[in-house]
Every structure is written in C-alpha cells, then in structure tokens.
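**Q** Submitted below is the structure of interest, expressed as structure tokens.
We did not get these values from a lab; they are worked out from the coordinates using the rules stated. All of these numbers come straight from a predicted model, not from anything done at the bench. Neighbour counts run over all protein chains shown; Cβ positions are idealised from the backbone, glycine included.
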C-alpha cells in the first residue's frame, strides 16, 4: 500500500500528515524531535486492517509551530483534536511514543470521546528535580556557523543521546547500556533536527515540562503503557502506581519489532472506532501534496490567478530554497499570474514518482505530463534546472523559457565526477562537514573545487549560514540521486535553450553564465526574480 501525504491548514498554519489503509481509525504519534516518517513501518503493518493516520507534531517535520510562545502538551492535544475533526474522525485507537504518548494522554484527558483505546510506548514521568536538570542543558543553542562546526556538535549530541541521559550529563549515574545505532540511524536524526531548526526546543521543551502523573491517574479510557527495558524512562514506571484499573503497565524488550508486534496484538483485541474507507484531507492551496503518475508531488503555489509560471528549483536543491525567488516573482507580477513551485522528483519532499527519474530528460517528461497543460505561461528555471528546461523545450518547442544562473560557463570544463560527489556516511559525522564545505565553496569559487585565484567568485554579499543550512538539508534529502541528475545535466547540450530563452540572468561577480550571449547581470536573486517577472508580464501583454 502507498502511504499518502497531505498538508491541511488550521488558522493559516500547516499541519502535515501521512495516512494509509481503511477500517477503524488508528492515530500514531511520534516522539520529539522526529516526524511521522518514523511511523512508516508500523503504518504499513497496520494498513491491511485499519485506516492509519500519522501527523507531524506542530514544530516538527512539515507542521508549523503552534501560535503561542510557550505551548503546553495540552495545546498540542487541542490542535490534534482539530485535525481529527477536519478529517471526520470521531474516535480512534491511539499509539504514542514518548512525546507522542504525552499528547495521547492529554487528548484522552481533554477529549475522551476521541480515544477508543491507547497504547503508550514510554510515558515520561519525571519529577520536578529531574525536569529542572534536563531543561538546564538539553537545548543548548547551536545555530549554523560559517565553518560548519555546529554540525559536528549536532552529530555528537545525537550520538551521546544513546549513551547518556540526559545527553549532556556524562556522570556514571547517567550512563545507559544500549546497543549503539549505525550511522544511518543517526543521520535520520540529523534530518529531524534540520527540519525543525532551532525551534525544535519549543515542542520538546513542552514535553520535558509536563507532569504525567496526575493525568495518568485520572485517565478514563482503556490504556496499555509499555516501558522498553533500557529506556531512560523505565525507572519512572513506578511513579504511575496510582493509575486506574483500566490502565495496564508492562515491561517489554527494546527491540522495535517486538514493540510493533505488541501494538498490533493489543489493537486486535480491543474495541475500535467506526470504520472509514479513507480520509480526504482538504489540501491547502499554498502548500500541498498533489497526486501524479506513480506518486505525489509536493507543490507550493503563490497567488490565485488562472494562468501560471512553472518555477524549477536548482538541481540538488528543493522548493524550500527557491521559495524567496517565487515570492518575489509573484509580487512583482502583481498577481497577474501565479507561481507553481514543485519539488522535483527525488528532491525535497517529492519521491521517485513511480520509477527512475534522476536524469533531466525523465524529469522533463514527468513535468510535461503533470504541469504543462492549459494555463501555463512558461517556465523559469534556476541553476542546473536549465538542463530540464532544455529537454522540455525539445518536447514542447513553443514553451517560453527564462533561465537564471544556468551552469554553462565559457572556457571552463566541469568535472562531472567532482561536481556532486557521493558522500558516504561515517560514524564521526564527517560526511556532513564535507558536504557543507562543498556548498560553502560553491559560493566562493567556480567550480567549487577550483580554489585558485582564477576560480574565485567576487560577490559583495556576505555568506549566509542559514542559507547554507537549507542547502545542506536539501542535499541530504536528495542524497545520491543528486549525483546522478547533476552528471546527466552537465552532459546536456544547452545551446538551443540558451539561444531561445526569453531572458537569461546571472549574479554579478559569478562566472557560471559566461557562455550566455544575452546574459543580463543582476546584483542578487531578488533583482533576478523581478527581471523574470517583467519578462512574464511581456508574455502576457503579447498574448492579449
């Protein structure tokens, strides 16, 4: 079964969820600072018998923060109830992990009719002294730094979390004895932290500030509480001795397969809510997952006009990195057209789209089928997406195209093997620093690996570590597919598209577009977006 995704809006805020299957509703709530992606295996195991829904907790994944500055677990539960109401789910079986277990308990406490039965995988029942100790050092500020040193600190923190609890307390009393996870697992945690950014401490802080004991003692819904052996929460289990008879507490192996099997067993033996064939979340207009051939595209739209421009982000990147360009493009257009910005296949939040789409020609064919129908005014392609535009132009020659910063330098022979190298993981996290260094060098040299005076990029704009952090996140999500698509892009003949493009812009001081005879030099991306908007407006005037 294919797990589907959607973003719904509550008071203008995004709430992202995954869902699959049909039958009695099951709600899966992840721990902090992770996302609903951690529930995919259990979702697929439950899907033959249940309608399984897994939301991203606000502030994590693609779900926006709650509006109040210091939300409590109660606020997360109220938001979750609103999600269920929008989905038409009146009552569900609920399974929560750590923070998710707290939110499940609060949901049952505040909205008892919404919960048929709960399974809680670890309930944090810390006392006030423990809470104060955890909060004293758990959320150490670690903003992006120009040299990438914050990444090593982040990797070290994640590694320590399976050795000490809390991670910053290295006393023997805080030592745990757990099997150490492979680097791939730690890398997944890196993704979770990069999703949330420094705001991860908001929802996570609410979890460590919540007193579970009084809520547990007044639970009225049937509930199983599981404590994994070796979990740092295990020692708090005896603090829940005052729970009612409808609540059972048991110890279970740390093995995730054993836990999932126990969850399935419990759910198979309890009463559930009314079966549903599916849910149909009302998709947000500005940011949504759109069905395509073989999968879902993540698509953002700026504006509401009937006619639109398709904006293609740079290769190895995502729509997140192109959002500012899209905002400026639409703003200068004064709503004469809307901007449609999809994550390309294997980029950002868009998957493989049913097969191998890691070369510009295959991506162009998918874009043609999905987006280039009636109402499309043309394409604006950024960076390496010029190669995709070239293939689209070959498929549909009448399509107007503009390019920004195409990779087509004069007199520079690019080494496709070095341009976007595969970065294998290692247990010290050095692969993160190597990718960061590549992305930083790309702002300072062209090509990035040519650090001679000849390759120096001269720009008056200082480097932005936040921008590099977004580029790193994009690169990690794209992974090895970025290598393949870039290699194919660098082999693409751009001569025809450069000749036919309505506009080609490049940033002052950067040599990438030196081969474009009609290059218009601009000081920054905002000026480039404004120039492209004017080109689109000319197209509109010509077609009236």
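**Q** Efficiency by 1/(1 + (r/R0)^6): what FRET value for residue 278 and residue 113, r their Cβ-Cβ distance, R0 = 22 Å, to the nearest 0.05?
**A** 0.50
**Q** Post the alpha-carbon centroid distance, the stretch 426-471 to the stretch 200-254, in whole angstrom.
**A** 45 Å
**Q** Still on this structure, I have one more. Mind ordering 414-421, 301-308 by average Cβ neighbours within 10 Å, highest first?
**A** Those peptides, ordered most packed to least, come out 301-308, 414-421.
**Q** Using a 10 Å cut-off on Cβ atoms, rank the peptides 158-166, 18-26 from the highest mean neighbour count down. Write out the running numbers ahead of the final one.
**A** Working: 158-166: 17.3, 18-26: 22.3.
Top of the packing list down: 18-26, 158-166.
**Q** Where the eigenvalues come from the Cα gyration tensor of the stretch 21-174, what are the semi-axes √(5λ) of the equivalent ellipsoid, largest first, in whole Å?
**A** 31, 18, 16
**Q** Still on this model: Roughly speaking, what is the stretch gain from residue 152 to residue 539, that is 0.36 nm per residue apart minus the C-alpha to C-alpha distance, in nm to one decimal?
**A** Roughly 134.4 nm would be gained on extension.
**Q** To continue, here is another question. Helix 256-268: angle to the longest alpha-carbon principal axis of the chain, degrees 0 to 90, nearest 10?
**A** 70 degrees
**Q** Please list 532-542, 397-407 highest first by mean number of surrounding beta-carbon atoms within 10 Å per residue.
**A** 397-407, 532-542
**Q** Taking every Cα atom in the chain, find the radius of gyration and the maximum pairwise distance Dmax, and write them in Å.
**A** Using the Cα atoms of the chain, the pair Rg, Dmax is 25.2, 79 Å.
**Q** Next up: What spacing in nm lies between the two simple spin-label points modelled at residue 178 and residue 198, each 7 Å away from Cα in the Cβ direction?
**A** With each label placed 7 Å out from Cα toward Cβ, I get 2.7 nm.
**Q** Now, a different point. On a 0 to 90° scale, report how tilted helix 465-478 is relative to the longest principal axis of the chain, with both axes built from alpha carbons and the result rounded to the nearest 10.
**A** 80 degrees
**Q** Ignoring everything except DSSP H segments at least 4 long, calculate the 222 nm mean residue ellipticity for the chain; use -39,500 (n - 2.57) per segment, divide by total residues, nearest 500.
**A** After summing the helix terms and dividing by residue count, I get -11500 deg cm²/dmol.
**Q** Treating the angle as unsigned and between 0 and 90°, give the value, to the nearest 10°, between the Cα long axis of helix 386-395 and the longest Cα principal axis of the chain.
**A** Once rounded, the angle reads 70 degrees.
**Q** Starting from the Kirkwood radius over alpha-carbon pairs of the stretch 217-348, derive D by Stokes-Einstein at 25 °C in a medium of 0.890 mPa s and give it in µm² s⁻¹.
**A** Answer from the Stokes-Einstein relation: 124 µm²/s.
**Q** Taking the Cα-to-Cβ direction at residue 11 and at residue 398 and moving 7 Å from each Cα, how far apart do the two end points lie in nm?
**A** Result: 4.9 nm between the two label points.
**Q** Express in nm, to one decimal, how much length is gained between residue 484 and residue 293 on full extension, taking 0.36 nm for each residue of separation and deducting their alpha carbon distance.
**A** Answer, rounded to one decimal: 66.6 nm.
**Q** Given a Förster distance of 41 angstrom, what is the FRET efficiency for residue 258 paired with residue 365, based on the Cβ-Cβ distance and rounded to 0.05?
**A** 0.35
**Q** Quote the FRET efficiency, to the nearest 0.05, computed for residue 413 versus residue 304 with a Förster distance R0 of 35 Å and r equal to the Cβ-Cβ distance.
**A** So, using R0 = 35 Å, E works out to roughly 0.15.
**Q** Can you put 483, 57 in order, fewest other beta carbons within 10 Å first?
**A** Sorted ascending by nearby Cβ count, the order is 483, 57.
**Q** What does the convex hull of the Cα atoms come to per residue for the stretch 1-69, in Å³? Intermediate values should be presented prior to the final figure.
**A** Values: hull volume 5.6 nm³, N = 69.
Here the figure is 81 Å³ per residue.
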